[in-house]
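Q: Mind having a look at this structure? Questions to follow.
The values are calculated or read from the model by the stated rules, or taken from the named source; none is laboratory data. Since the model is a prediction, treat every value here as computed from it, not as a measurement. No Cβ is skipped: glycine too gets one built from the backbone with ideal geometry, and neighbour counts run over all protein chains shown. The protein model used for the area step is the full one, side chains on, heavy atoms only, and it has no ligands, DNA or RNA in it. Shrake-Rupley method; radii C 1.70, N 1.55, O 1.52, S 1.80 Å.
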Amino acid sequence: MYRTIDPDGHATTASGLLALPDNGEHDLKAVAFAHGTMADKADAPSVSEHGSELAATITYASAGFAGVTPDYLGLGLGPGPHPYSDVPSETTAYLDMLRAARAYSAGIERQLSREVYITGFSQGGPAAMNLARTLRGDADDWFRAAAVAAISGPFDIQATELPALLNNSLDPTSAVFYIAYFLVAWNRLHNLYQSPGEVFQAPYDTTVTDLFDGSHGLRDIVGSLPASIDGLLTPHALDMLRNPVGSFATALRVADDTCRDWTPGIPIRLYTSGKDRDVVAGNSVRCQALLRDRGVDASIIDVGEVNHLDSNRSGTAAAARWFLESHPS
């Protein structure tokens, strides 16, 4: 547990997972991992007993690094609802988790080095990129970004991911889940609608909000939603998502800004799968193009003909190998 701030800048607490290698090494480089989408507090890496997000953190520790993973706000033991896909609060929770990990490690006579390798999967892809940008801006007195490995991240929600979700080119079950979660969470942050009935069709307008209170698992949520976007959203919601304006458009620009208008000065790799039917690979292509505009040659690496969750497993293994090449254990 550690102290951080909420999206409004108020003091709050969050939880996270720190995994250290049992190798006798005093000085350790950290791998800061930002996990993918989850709605149930109990699925967060620090409290779950299984899952690919927990496994990823342990993988980095097994490779000789300090594995550092924030649960994000509102997940794990954190209070309140999770501000899903809110890059600013993901970044502050991420950085404050690194600081908490360093403080805890010092208390057990382990030292986290200044250089930190940064990685994230799915929702965590943009968070990882923004943490690197934040550290490159000297936001912390100690940590410095060494490299970024972003796995299947939605870097271009407005122009790439939302159209793919809405035109049925991705997995329909996943599309309904993501869109519902996104609208509920962003309404809390940005006041997108006054009543759920403006965006959700009956009978879901009376049930969707409560599904994302942090106590429902993926299976429970999916089983309580329709099979397609057409059965979930009103015409107004479809128009809002296809033609964002006002505060919604402004918030989308912030979310889609993590690859834009900064010069990393560190190596970056983008891991994707052409078979991913949750986060279209075009997100990484867009991120690569924006980085190239700043003179950065970020490689896109195909992790094989795997689905979204398996891209995390393959990408984590590839990232661990890459980090080890840069810093042999």
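Q: What would the Debye formula give as log10 I(q)/I(0) at q = 0.09, 0.11, 0.12, 0.15 Å⁻¹ for the alpha-carbon point model of segment 111-267, no solvent?
A: -0.36, -0.52, -0.61, -0.86
Q: Find the accessible area per residue for the chain; the probe is 1.4 Å, ligands and nucleic acids are left out, and the unit is Å². Show your work: numbers first, answer last.
A: On the way: 13430 Å² over 329 residues.
Spelled out: the 1.4 Å probe surface of the chain, per residue, equals 41 Å².
Q: State, to one decimal in nm, how far the label point of Ala42 lies from the label point of Leu77, with both points 7 Å from Cα in the Cβ direction.
A: Between Ala42 and Leu77, the label points sit 1.8 nm apart.
Q: OK, next. Along the Cα-to-C-beta direction of Leu309, a point sits 7 Å from the Cα; which residues of segment 25-64 have their amide N less than 11 Å from that point?
A: Correct set: 51-53.
Q: Over segment 37-77, what relative contact order in percent results from Cα pairs under 8 Å that are six or more residues apart? Working shown, then result.
A: Values: 38 pairs, mean separation 20.7, N = 41.
Rounded, it is 50 percent for segment 37-77.
Q: Oh, and also: Could you check the simple spin-label distance between Arg114 and Ala159, using points 7 Å along Cα→Cβ, in nm with one decimal?
A: The modelled label-to-label distance comes out at 3.7 nm.
Q: Can you send over the solvent-accessible area of His216, 1.4 Å probe, protein chains only, in Å² to the nearest 10?
A: 40 Å²
Q: Over the alpha-carbon set of segment 217-329, work out the extent along each principal axis and list the three values in angstrom, largest first.
A: 52, 34, 22
Q: At 0.890 mPa s and 25 °C, plugging the Kirkwood radius over alpha-carbon pairs of the chain into Stokes-Einstein gives what diffusion coefficient in µm²/s?
A: Values: Rh = 19.8 Å.
Estimated via Stokes-Einstein, D reaches 124 µm²/s.
Q: A further question on this structure: Can you pull out the trypsin sites (Lys or Arg not before Pro) in segment 206-262 whose DSSP state is coil and whose Cβ has at most 14 other Cβ atoms within 10 Å? Show your work: numbers first, answer last.
A: Details: sites: Arg219, Arg242, Arg253, Arg260; in loops: Arg260.
Passing sites in segment 206-262 do not exist.
Q: Taking a virtual spin label 7 Å from the Cα of Glu25 along the C-beta vector, which residues in segment 287-328 bring their backbone nitrogen under 16 Å of it?
A: The answer is 319-328, whose backbone nitrogens lie closer than 16 Å to the label point.
Q: Just the accessible area for Leu324, please: 1.4 Å probe, Å², rounded to the nearest 10?
A: 50 Å²
Q: As a test question: what accessible area, to the nearest 10 Å², does Lys275 have when a 1.4 Å probe is rolled over all protein chains in place?
A: Its heavy atoms expose roughly 110 Å² to the probe.
Q: Taking all protein chains as present, what is the carbon and sulfur share of the accessible area of segment 1-137, in % to the nearest whole number, probe 1.4 Å? The partial results should precede the final answer.
A: Numbers: 2420 of 4930 Å².
Exposed carbon and sulfur together represent 49 percent of the surface.
Q: Go ahead and run the numbers for FRET between His50 and Asp293, Cβ-Cβ distance against an R0 of 41 Å, rounding to 0.05. Don't skip to the end; give the middle numbers.
A: On the way: r = 41 Å, r/R0 = 1.00.
Efficiency, rounded to the nearest 0.05: 0.50.
Q: When DSSP assigns beta bridges and you keep just the ones with both residues in the chain, what percent turn out antiparallel, to the nearest 5? Don't skip to the end; give the middle numbers.
A: Details: 9 of 34 bridges.
Antiparallel bridges: around 25 percent, rounded to the nearest 5.
Q: Stokes-Einstein at 25 °C, 0.890 mPa s, Kirkwood radius from Cα pairs: D for segment 275-326 in µm² s⁻¹?
A: 201 µm²/s
Q: Give or take rounding to whole Å, what are the principal axis extents of the alpha carbon atoms in segment 39-193, in descending order?
A: Principal extents (Cα only, largest first): 52, 34, 30 Å.
Q: Suppose accessible area is computed on protein heavy atoms with a 1.4 Å probe; arrange Glu161, Glu198, Glu49 from highest to lowest.
A: Working: Glu161 15, Glu198 65, Glu49 170 Å².
Result, largest first: Glu49, Glu198, Glu161.
Q: Tell me, in nm to one decimal, what length is gained between Ile300 and His10 on full extension, where the rule is 0.36 nm per residue of separation less the Cα-Cα distance? The partial results should precede the final answer.
A: On the way: separation 290, 0.36 × 290 = 104.40 nm, distance 3.77 nm.
Residue separation times 0.36 nm, minus the Cα-Cα distance, leaves 100.6 nm.
Q: Further, regarding this structure: In segment 263-303, how does Rg compare with the Kirkwood Rh, expressed as the Rg/Rh ratio over alpha carbon atoms? Please list the in-between numbers first.
A: Values: Rg = 10.6 Å, Rh = 10.6 Å.
For segment 263-303, the value is 1.00.
Q: When you have a sec, figure out the Kirkwood radius of segment 186-243 from all distinct Cα pair distances and drop it here in Å to one decimal?
A: Details: mean 1/r = 0.0829 Å⁻¹.
12.1 Å is the Kirkwood radius here.
Q: On full extension of the chain, what length is gained from Glu325 through His190, given 0.36 nm per residue of separation minus the C-alpha to C-alpha distance? Kindly include the intermediate steps, with their values, before the conclusion.
A: Numbers: separation 135, 0.36 × 135 = 48.60 nm, distance 4.27 nm.
Net length gain for the segment: 44.3 nm.
Q: Could you check which residue among Asp96, Asp276, Asp22 shows the biggest mean-square fluctuation in a GNM of the chain with a 10 Å Cα cutoff?
A: Asp22
Q: Here is a follow-up. Accessible area of segment 261-307 with a 1.4 Å probe: how many percent of it is carbon plus sulfur? It would help to have the intermediate numbers written out before the result.
A: Values: 1000 of 2290 Å².
About 44 percent, which is the carbon plus sulfur part of the accessible surface.
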